[in-house]
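Peer 1: Below: one structure in structure tokens.
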Protein chains: 2
Amino acid sequence: MIRRTLLSLFAGALAFGLTNTRAQAGENDFSDVKTQVTKEHDQAIKRLQDWIGQVSIAAEDRGYPEGADYMIKLLKEAGFQRAERIETSGKPGVFATLDAGAPKTVGLYFMYDVKQFDPKEWSSPPTEAKIVDKPGLGKVMVGRGAVNQKGPEATFLEALHAILAAGRKMPVNFVFVAEGEEEIGSPHFPQVVHKPEVEQALKKCVGIFMPFAAQDLDGMVTVTLGAKGVVEVELTSSGELWGRGPLKDIHSSNKARVDSPVWHLVKALSTLVNEDATEPTIEGLTKNVRPLSATEKQMIDTAARRLNEADAKKIMGVKKWVRDISWTEALQRMSGEPTVNIEGIIGGYTGPGGKTILPHKAIAKLDLRLVPNQTAQAALAALKNHLAKHGYGDIDVNMTGGYDPTTTPADSPVVKAEEAVYNQHGLDPVVLPRLGGSWPGYVFTNPPLSLGASHFGLGHGSGAHAPDEYYLIESSNPKIAGFDDAVMSYVEYLYQLAK
Amino acid sequence: MIRRTLLSLFAGALAFGLTNTRAQAGENDFSDVKTQVTKEHDQAIKRLQDWIGQVSIAAEDRGYPEGADYMIKLLKEAGFQRAERIETSGKPGVFATLDAGAPKTVGLYFMYDVKQFDPKEWSSPPTEAKIVDKPGLGKVMVGRGAVNQKGPEATFLEALHAILAAGRKMPVNFVFVAEGEEEIGSPHFPQVVHKPEVEQALKKCVGIFMPFAAQDLDGMVTVTLGAKGVVEVELTSSGELWGRGPLKDIHSSNKARVDSPVWHLVKALSTLVNEDATEPTIEGLTKNVRPLSATEKQMIDTAARRLNEADAKKIMGVKKWVRDISWTEALQRMSGEPTVNIEGIIGGYTGPGGKTILPHKAIAKLDLRLVPNQTAQAALAALKNHLAKHGYGDIDVNMTGGYDPTTTPADSPVVKAEEAVYNQHGLDPVVLPRLGGSWPGYVFTNPPLSLGASHFGLGHGSGAHAPDEYYLIESSNPKIAGFDDAVMSYVEYLYQLAK
């Protein structure tokens with residue numbers, strides 16, 4: 001749920017030359033591994049393309065349990081001794097381990113599902129993962145899941161292939177968990193992570209990370225020390241639920257004497273935010289909110305100086321921030337303020353022209369983003385209580401997904417290793433206290449695991465959730481890593497973590 | 001736009017026997033015409049079925065100008081000496097005349113367009129007009145336009161066929177106008193009616209009427225002395241129009257710093273009605289509203305005693321009226337109160353589950369119903385002014401159709417003749433000051449024409465705008481006229497008008 005955000009969040013410029021800074025002496029000499037990466041390139045690309053062809057979409061109940069089984073196959077090929085399906089009340093997760101007899105164990109979080117797509121909107125078939133030229137970037141792979149998240153994940157797995165092919169011992173052990181419901185809000189992922197055996201295995205980890213194409217169009221990277229939580233809900237107002245209004249669509253002349261479930265929903269929604277819809281007004285929602293600390297504000301001040309406001313606006317097609325606030329305030333709100341967003345709304349006649357009906361039903365889809373110390377369950381309860389108190393208790397509130405915010409300390413091993421590798425490449429990452437988007441890191445960062453959890457990886461891609469999603473394979477821009485260089489960044493990261 | 005309303009409005013019981021009361025002596029002996037009606041029955045039904053097969057839907061730009069040409073063909077077959085297309089800025093209308101050398105001239109208003117439909121929702125193909133058994137009613141024709149309005153219109157035309165076939169001289173002359181845009185709010189119908197030649201011809205009329213299947217399931221009929229006006233508008237809120245919010249759908253995490261066009265629309269809509277959405281709060285909208293007169297209230301009191309409240313609620317699936325008002329108040333509001341209704345609303349992601357986007361656009365379709373002395377233009381201006389004044393001036397307000405209210409005096413010849421024919425059939429019509437729905441009668445009742453305008457016809461049908469729309473062909477219920485008896489009601493009406 002976060003991929004698109006990062007790329008639109010951070011745009012800046014930082015001089016950077018991959019080729020000039022990678023070669024290191026001694027323990028940082030991975031030329032033997034690099035030789036294998038080059039040798040295996042075509043095979044690795046084919047492996048990613050095949051994986052993109054195996055589509056799993058939870059919202060459409062498509063590709064289960066095949067997606068999990070395919071994930072298992074990929075893990076076994078990459079050297080995991082054990083890899084198996086973990087059944088949940090929803091779609092299956094995957095648990096796997098690779099024991100290298102190393103002193104340290106690293107946690108891995110993958111998703112094998114992808115977002116829905118409409119092939120008509122794509123310039124090449126989204127399941128064929130074609131390689132096409134993208135001016136200014138190089139050769140990119142276009143397909144659903146290319147960057148979110150199969151591309152970076154396959155890149156990471158190729159690092160394991162290459163390390164083994166070079167005749168090396170894996171520098172760390174792995175405990176791997178994956179889910180097939182990330183795109184619907186990870187409703188059953190806790191059942192995977194907190195299965196006793198899995199939880200026991202994860203406890204041994206120094207931290208956990210997800211492969212991620214971190215570079216923006218300028219090659220720059222950002223490290224976030226957490227993410228907002230999220231609650232996705234569907235609000236349904238209907239004559240049937242309300243006991244007022246009609247049971248079916250009726251002629252609109254009856255508006256004179258019959259209540260309207262659509263108006264009922266509009267009026268209910270209107271109470272959830274203030275006049276300009278910039279602040280939640282759901283009673284009790286924000287009572288536990290912890291404001292940004294002085295340290296966090298300092299991080300944001302630094303980030304605001306380094307990140308390019310005009311670029312960020314341009315990418316989104318945005319002329320003004322809410323209430324015409326400054327760039328610093330905009331970044332503060334992304335890290336520190338809870339939100340109430342309408343993802344979509346529908347009711348009645350929506351075709352061409354008009355149709356004189358009084359509709360019997362309307363639905364709004366909302367997402368609420370949460371900051372420490374809000375929780376998903378308390379936010380849901382606050383929403384329900386608020387609606388009931390204001391005379392909208394009949395409106396059905398169906399939570400379709402969501403979870404708590406997640407926070408990882410700046411000195412967590414997974415974060416320190418990230419920064420070290422980025423620095424080796426001449427990259428000085430922008431550090432932000434919290435991502436405005438969400439990912440289910442809370443299952444790792446909350447008790448009982450209390451692990452640091454982060455994203456890492458060189459490389460670039462864009463278009464998560466959108467048509468023509470892509471992942472950079474052969475870079476024509478020296479600032480940005482292509483597939484093979486991104487593989488090497490994972491090799492370096494693992495050796496850094498092993499230290 | 002009114003057909004569905006009438007049938008849901010009025011449900012009651014009145015003992016009635018068509019066959020016992022029709023035969024009259026002397027000038028009311030139409031047995032020669034009836035013989036022709038019986039003889040031509042199959043041909044007339046076939047003619048109606050073929051007409052239903054010729055679909056014209058303005059919202060889909062389907063069946064133009066063929067629908068107008070087909071209308072002309074039907075008119076010529078029924079004896080009109082002149083029938084021609086009247087081009088407008090939209091879809092063509094039809095103007096026709098039948099000069100019988102009679103002292104009186106009667107105006108006719110037809111529509112040749114029908115409402116959109118989805119064949120998947122129908123139990124038989126909507127353009128095939130199949131005859132099927134309907135328990136308790138008899139044989140009905142199922143098709144789009146069956147009752148709204150081709151069925152009653154074809155029934156009327158068969159009356160002309162039969163009068164001529166019986167060797168009679170037409171008792172009145174006709175001036176005929178039809179439109180092909182009734183279902184989108186008659187935006188160009190004034191261009192037909194006020195074309196100098198057409199207007200001149202209409203001025204000669206004693207009044208104008210539209211054929212209409214007036215009988216409900218109890219055989220009862222209602223006479224309305226007018227109808228509300230209507231304004232249909234589409235409200236669009238978008239980042240592009242607003243200059244705030246995004247130009248395309250962006251990740252919902254940006255809600256923290258980017259304005260939402262969907263919220264903007266919801267907040268704007270919320271200002272248009274009061275808390276329970278029962279009263280318009282659009283500034284200036286209701287300033288010219290003429291309250292119901294004592295006479296009108298008296299009509300409604302009588303109607304409330306005769307009409308069955310429980311049946312009216314049951315048909316719509318409504319348990320309670322707004323604010324739990326009484327049946328009399330409900331009828332008063334239908335006749336006397338302006339409304340602001342949401343026909344439909346759409347924005348953002350509306351598929352299964354959620355999708356974490358901040359949509360760049362949302363649209364609401366509204367209809368405003370108007371009473372004397374409101375006008376469509378003033379209502380539109382009030383809406384626009386209100387939005388501008390409350391900070392929503394960026395929201396595009398596109399009027400897709402509409403017109404002023406219409407009122408016809410109780411002593412208008414077309415109304416008196418209706419009541420006379422109904423009375424001859426033992427029917428004592430319920431009289432209401434105004435229909436809660438709308439039809440473009442204002443073009444006739446407003447200056448310069450200032451003609452009485454009404455609906456008339458025995459017969460029954462239902463499902464206008466809905467799947468399985470039907471029109472009764474062979475009645476198994478002695479209280480309700482089938483096709484041939486409905487034809488005869490028009491014969492009687494014309495002779496009554498000629499008196």
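The values are calculated or read from the model by the stated rules, or taken from the named source; none is laboratory data. These numbers come from a predicted model, not from an experiment. Every residue, glycine as well, gets a Cβ built from its backbone with ideal geometry; the counts of neighbours run over all protein chains shown. Each accessible area value is taken on the protein alone, full model and side chains, heavy atoms only, with ligands, DNA and RNA left out. Shrake-Rupley method; radii C 1.70, N 1.55, O 1.52, S 1.80 Å.
Peer 1: Please give every one of the aspartates and glutamates within straight-line cross-link reach of B:Lys130, meaning a C-alpha to C-alpha distance under 12 Å, and leave out same-chain neighbours fewer than 8 residues apart.
Peer 2: Answer for B:Lys130, where 12 Å is the Cα cut-off: B:Asp50, B:Asp468, B:Glu469, listed by chain and number.
Peer 1: For the range B:353-379, list whatever residues lose no less than 50 Å² of accessible surface once every protein chain is in place, relative to that chain by itself, with the probe at 1.4 Å.
Peer 2: Residues of the range B:353-379 that lose at least 50 Å² of accessible area once the other chains are added: B:Gly354, B:Lys355, B:Thr356, B:Lys365.
Peer 1: I've got another one for you. What is the dipole size for the range B:374-462, taken about its Cα centre, with +1 at each Lys and Arg Cβ and -1 at each Asp and Glu Cβ, in debye to the nearest 20?
Peer 2: Using Cβ point charges on Lys, Arg, Asp and Glu, the range B:374-462 gives about 200 debye.
Peer 1: Accessible area per residue, 1.4 Å probe, Å², for the protein assembly as shown: what's the number?
Peer 2: 33
Peer 1: In whole Hz, with x marking every Gly and Pro, tabulate ³J(HN,Hα) for the range B:268-274 from phi via Karplus 6.51 cos²θ - 1.76 cosθ + 1.60, θ = phi - 60°.
Peer 2: 5, 4, 4, 7, 7, 9, 6
Peer 1: Could you tell me which of rounded, prolate or oblate describes the protein assembly as shown, using a ≥ b ≥ c as the square roots of the eigenvalues of the alpha-carbon gyration tensor, with rounded for a/c under 1.5 and, failing that, prolate when a/b is larger than b/c and oblate otherwise?
Peer 2: In terms of gyration-tensor shape, prolate.
Peer 1: Picking from A:Thr38, A:Gly167, A:Val491, whose Cα lies most toward the positive end of the charge dipole for chain A (charges on Cβ: Lys, Arg +1; Asp, Glu -1)?
Peer 2: Looking along the dipole axis, the top candidate is A:Val491.
Peer 1: Among A:Gly226, B:Ser56, B:Pro126, whose Cα lies farthest out toward the positive end of the dipole of the protein assembly as shown, if unit charges sit on the beta carbon of Lys, Arg (+1) and Asp, Glu (-1)?
Peer 2: About the Cα centre, the residue reaching furthest to the positive side is A:Gly226.
Peer 1: Ordering A:Arg434, B:Arg244 from largest to smallest accessible area (1.4 angstrom probe), what's the sequence?
Peer 2: Highest to lowest solvent-accessible surface, that is B:Arg244, A:Arg434.
Peer 1: Which distances, shortest first and in nm, link B:Ser124 to the matching position in the other copies, using label points set 7 Å out along Cα to C-beta?
Peer 2: Inter-copy label distances (nm, one decimal, shortest first): 5.4.
Peer 1: Please give the solvent-accessible surface of B:Ser89 in Å², to the nearest 10, using a probe radius of 1.4 Å with every protein chain present.
Peer 2: 90
Peer 1: Please list the non-local residues whose amide H lies under 5 Å from the amide H of A:Thr281, H modeled 1.01 Å from N, same-chain partners needing a gap of 5 or more.
Peer 2: A:Val273, A:Asn274
Peer 1: Which value, in debye to the nearest 20, gives the size of the charge dipole of the protein assembly as shown about its Cα centre, when Lys and Arg are +1 and Asp and Glu are -1 at the Cβ?
Peer 2: Value, rounded to 20: 1000 debye.
Peer 1: Given H placed 1.01 Å from N in the peptide plane, which residues other than close sequence neighbours of A:Gly138 have an amide H under 5 Å from its amide H?
Peer 2: Here A:Ser476 satisfy the definition.
Peer 1: Oh, and also: From the label point of A:Gln377, set 7 Å along Cα to the beta carbon, how far off in nm is each other copy's matching point, shortest first?
Peer 2: Relative to the other copies, A:Gln377 has label-point distances of 6.3 nm.
Peer 1: At 1.4 Å probe size, with no ligands or nucleic acids counted, give the accessible surface of A:Leu497 in Å², nearest ten.
Peer 2: Counting only protein heavy atoms, the figure is 10 Å².
Peer 1: If the cut-off is a Cα-Cα distance under 20 Å, which lysines reach A:Lys104, setting aside same-chain residues fewer than 8 apart in sequence?
Peer 2: Within the straight-line cut-off, A:Lys104 pairs with A:Lys169, A:Lys203, A:Lys204, A:Lys416, A:Lys499.
Peer 1: While we're looking at this one, here's another question. Just how much of A:Leu164 is accessible, in Å², when a 1.4 Å probe is used and the result is rounded to the nearest 10?
Peer 2: Number for this one is 80 Å².
Peer 1: Quick one: of A:Lys297/A:Lys319; B:Lys46/B:Lys313; A:Lys34/A:Lys120, which pairs are farther than 27 Å apart, Cα to Cα?
Peer 2: B:Lys46/B:Lys313; A:Lys34/A:Lys120
Peer 1: Using a 1.4 Å probe on protein heavy atoms only, how many Å² of accessible area do A and B hide from each other, summed over both chains and rounded to 100?
Peer 2: 7500
Peer 1: Under 5 Å between amide hydrogens, which residues at least 5 positions from A:Thr105 or on another chain qualify, with H placed 1.01 Å from N in the peptide plane?
Peer 2: Under 5 Å from the amide H of A:Thr105: A:Asn173, A:Val206.
Peer 1: Taking θ as phi - 60°, what are the ³J(HN,Hα) couplings along the range A:453-470 by the Karplus curve (6.51, -1.76, 1.60), each to the nearest whole Hz, with x for Gly and Pro?
Peer 2: Along the range A:453-470, the couplings run 9, 8, 10, 8, x, 6, x, 8, x, 7, x, 4, 6, 10, x, 6, 4, 9 Hz.
Peer 1: Considering only DSSP beta bridges with both partners in chain A, what is the antiparallel share in %, to the nearest 5?
Peer 2: Once the DSSP bridges in chain A are tallied, antiparallel ones form about 75 percent.
Peer 1: Okay, next question. Taking a ≥ b ≥ c as the square roots of the Cα gyration tensor eigenvalues, with a/c under 1.5 meaning rounded and otherwise prolate when a/b beats b/c, else oblate, which class fits chain A?
Peer 2: Because a/c hits 1.5 or more and a/b exceeds b/c, chain A counts as prolate.
Peer 1: Quick one: Cα centre-to-centre distance for the range A:110-126 and the range B:452-499, in angstrom?
Peer 2: 55
Peer 1: On to the next question. Nearest beta-carbon of A to the rotation axis carrying it onto B: which residue, how many whole Å?
Peer 2: Nearest residue, distance rounded to whole Å: A:Ser270, 2.
Peer 1: Near B:Lys479, which aspartates and glutamates are there with a Cα under 16 Å away, not counting those fewer than 8 places off in the same chain?
Peer 2: Filter leaves B:Asp216, B:Asp218, B:Asp428.
Peer 1: So, one more: May I ask you to report, in nm to one decimal and beginning with the shortest, the distances from A:Thr281 to the same position in the other copies, taking label points 7 Å along Cα-to-Cβ?
Peer 2: When each copy's label point is compared with this one, the spacings are 1.0 nm.
Peer 1: Sort the range B:19-168 into rounded, prolate or oblate with this rule: let a ≥ b ≥ c be the square roots of the eigenvalues of the Cα gyration tensor; rounded if a/c is under 1.5, and if a/c is not under 1.5, prolate when a/b is larger than b/c, oblate otherwise.
Peer 2: Cα axes put the range B:19-168 in the oblate bin.
Peer 1: Pairs A:Lys384/B:Lys248; A:Lys384/B:Lys355; A:Lys228/A:Lys365: which exceed 23 Å Cα-Cα?
Peer 2: A:Lys384/B:Lys248
Peer 1: Let me ask another. Taking all protein chains in place and a 1.4 Å probe, what share, in percent, of the accessible surface of the protein assembly as shown do carbon and sulfur account for?
Peer 2: 50
Peer 1: Need the per-residue list for the range A:229-247: every residue with at least 20 Å² less accessible surface in the complex of protein chains than in the chain by itself, probe 1.4 Å, sorted by number.
Peer 2: At a threshold of 20 Å² (probe 1.4 Å), the residues of the range A:229-247 that become less exposed are A:Glu232, A:Gly243, A:Arg244, A:Gly245, A:Leu247.
Peer 1: Using θ = phi - 60° and the Karplus relation 6.51 cos²θ - 1.76 cosθ + 1.60, list the HN-Hα couplings for the range B:353-360 in order, rounded to whole Hz, with x at every Gly or Pro.
Peer 2: Residue by residue, the range B:353-360 yields x, x, 8, 7, 10, 9, x, 8 Hz.
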